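Participant: First the structure, then my questions, so here it is.
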Amino acid sequence: MDYTAKLEEALQRLHNEGRYRTFIDIERKRGQYPHATWKRPDGSEQPVTVWCGNDYLGMGQNPVVIDAMKEAVDATGAGSGGTRNISGTTVYHKRLEAELADLHGKESALVFSSAYIANDATLSTLPTLFPGLIIYSDELNHASMIEGIRRNGGAKRIFRHNDLDHLRELLAADDPAAPKLIAFESVYSMDGDFGPIKEICDLADEFNALTYLDEVHAVGMYGPRGGGVAERDGLMDRLDIINGTLGKAFGVFGGYIAASEKMCDAVRSYAPGFIFTTSIPPAVAAGAAASIAFLKGEGGVKLREAHQTQANILKLRLKGLGLPITDNGSHIVPLIVGDPKHTKLMSDMMLENYGIYVQPVNYPTVPRGTERLRFTPSPVHGPNEMDHLIKALDALWSHCALNRAEMAG
């Protein structure tokens with residue numbers, strides 16, 4: 001076996017299909033986001049505007065967050081010192097978990113090194129806690145949820161995306177006495193559509209099932225205090241487990257679940273992904289706690305309002321050009337190109353010719369034929385950045401001779 005040749009073949013397949021992922025080196029400067037510097041391969045530098053970042057509210061440069069992190073570094077040093085049970089639990093971790101529990105109206109919360117790990121570790125552990133558990137999973141759930149459900153070795157049922165009739169059919173077909181859990185998301189990140197939270201909770205009540213909601217793309221951005229779509233809709237008390245991230249709207253790093261005290265204690269005690277992982281640094285925990293506290297207040301309300309305004313303006317202007325965006329009412333703006341090579345070409349030309357950084361999104365992240373550029377407008381994208389983006393897309397869409405439409409989706 002020529003292992004190197006096999007690696008070359010695997011990589012070449014991605015190149016041939018236009019799906020090879022290229023990472024560019026960017027340097028963010030505090031106070032200037034979404035502006036950044038592209039460190040080109042030839043050693044030169046070029047200013048760029050980031051239009052695909054998940055720092056949705058610009059909290060990664062908020063002085064409240066930065067000052068909290070600096071104070072924690074000065075007080076405690078860099079790392080946490082170990083796993084949570086071996087010297088890795090600090091007052092900063094406890095403070096962060098208290099903020100998260102309060103944010104979601106839950107008794108407790110548990111912080112992980114990422115939301116991916118939080119999903120994977122929790123969902124793979126639940127069958128240990130509830131023998132015979134059947135998990136009902138939306139077909140468009142995030143890869144971390146899919147992996148956790150796959151690894152747990154228990155029974156699973158996949159229901160068609162947001163299809164309540166199909167979910168009901170699957171629930172009704174199983175043993176009424178079997179423990180059940182429905183896993184779904186509030187905002188699906190590729191199309192920007194919402195999960196039917198109330199209706200799924202109604203089905204969970206009817207069939208005595210637990211509910212597991214991923215709010216990764218909603219925490220900080222929806223609800224009076226940034227608790228997510230479930231808070232916005234007054235449904236947090238009906239959800240058993242809420243998953244979220246500290247690395248998007250909160251602008252820092254890490255993930256978590258919020259649930260009852262007993263649920264968090266059981267996951268803490270049984271999940272290898274929690275037990276055997278070094279805890280996040282105290283400075284990161286301090287920054288995240290400060291960010292959450294800020295976004296619960298009036299400053300967060302203003303940022304959320306500005307965020308939604310920017311998203312609506314961008315969607316309206318793209319529709320005015322006849323560009324095929326998918327508008328499902330959220331802050332995520334997918335522009336459908338429909339071909340992996342064209343999508344990569346558009347991304348490259350926007351970067352090279354216009355200083356606009358937006359990554360192509362291709363299969364397997366999205367289905368073939370729906371390849372796209374995914375824009376994430378934020379309160380720190382001003383009118384000048386918006387005008388520049390619109391002019392660039394208008395010119396490149398014509399240059400690439402791509403079809404225009406009223407709207408897709």
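The values are calculated or read from the model by the stated rules, or taken from the named source; none is laboratory data. None of these values were measured; they are calculated from a predicted model. Positions of Cβ are generated from backbone atoms using ideal geometry, with glycine treated the same way; all protein chains shown enter the neighbour counts. These accessible areas exclude ligands, DNA and RNA; they are computed on the full protein's heavy atoms, side chains included. Shrake-Rupley method; radii C 1.70, N 1.55, O 1.52, S 1.80 Å.
Participant: Region 337-369: which trypsin sites (Lys or Arg not before Pro) are DSSP loop and have at most 13 other beta-carbon atoms within 10 angstrom?
Facilitator: Filter output for region 337-369: Arg368.
Participant: Another question, then. With every protein chain kept in the model, how would you rank His15, His342 by accessible area, 1.4 Å probe, largest at the top?
Facilitator: Largest accessible area first, the list is His15, His342.
Participant: For the peptides 39-47, 309-317, 88-96, what is the packing order when you average, over each peptide's residues, the other Cβ atoms within 10 Å and list the highest mean first?
Facilitator: 88-96, 309-317, 39-47
Participant: Can you tally the net charge around Asn243? Count Lys and Arg as +1, Asp and Glu as -1, for every other residue whose Cβ sits under 10 Å from the Cβ of Asn243.
Facilitator: After counting each charged neighbour, the total is -3.
Participant: Most mobile of Pro334, Pro176, Pro127 per a Gaussian network model of the chain (Cα springs, under 10 Å)?
Facilitator: Maximum fluctuation in the GNM of the chain, among the listed residues, is at Pro176.
Participant: With the Cα gyration tensor of region 227-328 in hand, convert its eigenvalues to equivalent ellipsoid semi-axes via √(5λ) and list them largest first in whole Å.
Facilitator: 33, 17, 15
Participant: By DSSP, what percent of the beta bridges with both residues in region 62-296 are antiparallel, rounded to the nearest 5?
Facilitator: That works out to approximately 40 percent antiparallel.
Participant: Taking the Cα centre of each part, how many Å lie between region 160-180 and region 210-271?
Facilitator: 23 Å
Participant: Separate question: Given region 62-296, report the % of alpha carbon pairs whose separation exceeds 31 Å.
Facilitator: 19 percent
Participant: Collect residues whose amide H, placed 1.01 Å from N in the peptide plane, falls under 5 Å from the amide H of Thr211; neighbours closer than 5 in sequence don't count.
Facilitator: Counting only residues 5 or more places away or on other chains, the set is Ile182, Asp240, Ile241.
Participant: Just want to confirm a number: the relative contact order over the chain, from Cα pairs under 8 angstrom separated by 6+ residues, in percent.
Facilitator: 21 percent
Participant: Here is a further query. How big is the dipole moment of the chain about its Cα centre under a simple scheme where the beta carbon of each Lys and Arg is +1, that of each Asp and Glu is -1, and everything else is neutral? Debye, nearest 20, please.
Facilitator: The dipole of the chain has a size of about 660 debye.
Participant: Which sequence of Met350, Met263 reflects their accessible areas, 1.4 Å probe, from the largest down?
Facilitator: Largest to smallest exposure gives the sequence Met263, Met350.
Participant: Taking the Cβ of Asn54 as the centre, find all other residues whose Cβ is under 11 Å away and add up their charges (Lys, Arg: +1; Asp, Glu: -1).
Facilitator: Residues near Asn54 contribute +1 overall.
Participant: While we're looking at this one, here's another question. Subtracting the Cα-Cα distance from 0.36 nm times the residue separation, let me have the gained length for Asp25 to Gln46 in nm, one decimal.
Facilitator: Separation in residues times 0.36 nm, less the Cα-Cα distance, equals 6.5 nm.
Participant: What FRET efficiency comes out for Asp205 versus Val73 if R0 is 60 angstrom and r is the Cβ-Cβ distance? Round to the nearest 0.05.
Facilitator: Plugging the Cβ-Cβ distance into 1/(1 + (r/R0)^6) gives 0.80.
Participant: Over the chain, with a Gaussian network built from C-alpha contacts below 10 Å, which listed residue (His399, His331, His142) shows the highest mean-square fluctuation?
Facilitator: Looking only at His399, His331, His142, the largest GNM fluctuation is found for His399.
Participant: What is the magnitude of the charge dipole of region 1-158 about its Cα centre, with +1 placed on the Cβ of each Lys and Arg, -1 on the Cβ of each Asp and Glu, and no other charges, expressed in debye to the nearest 20?
Facilitator: Computed about the Cα centre, the dipole is about 220 debye.
Participant: Over region 6-99, what relative contact order in percent results from Cα pairs under 8 Å that are six or more residues apart?
Facilitator: Worked out over region 6-99, it gives 13 percent.
Participant: Using mean Cβ contacts within 10 Å as the protection proxy, how do 74-85, 370-381 order, highest first?
Facilitator: Per-residue mean Cβ counts within 10 Å order the peptides as 370-381, 74-85.
Participant: Cut-off 10 angstrom, C-alpha nodes, Gaussian network model of the chain. Which of Gly226, Gly273, Gly234 fluctuates the most?
Facilitator: Of Gly226, Gly273, Gly234, the most mobile in the Gaussian network model is Gly234.
Participant: Sticking with this structure for a sec: Ignoring ligands, DNA and RNA, what percent of the 1.4 Å accessible area of the chain is carbon and sulfur?
Facilitator: Carbon-and-sulfur percentage of accessible area, whole number: 53.
Participant: From the residues Thr49, Phe276, Leu129, which one has its Cα farthest along the dipole of the chain in the positive direction, the dipole being from +1 and -1 charges on Cβ of Lys/Arg and Asp/Glu about the Cα centre?
Facilitator: Thr49
Participant: Let me ask something else about it. In Å², what does the accessible area per residue of region 84-138 work out to with a 1.4 Å probe?
Facilitator: 36 Å²
Participant: Can you give the accessible area per residue of region 268-338, in Å², using a 1.4 Å probe?
Facilitator: 36 Å²
Participant: Sticking with this one: When only the heavy atoms of the protein chains count and the probe is 1.4 Å, how do Ile66, Ile356 rank by accessible area, highest first?
Facilitator: From most exposed to least exposed: Ile66, Ile356.
Participant: Okay, next question. At a threshold of 8 angstrom on Cα-Cα distance, excluding pairs fewer than six apart, so keeping six or more, what relative contact order does region 62-296 reach in percent?
Facilitator: Dividing the mean separation by the residue count of region 62-296 yields 33 percent.
Participant: Do me a favour and compute the ellipsoid semi-axes for region 311-409 from its Cα gyration tensor, root of five times each eigenvalue, largest one first, whole Å.
Facilitator: 18, 16, 13
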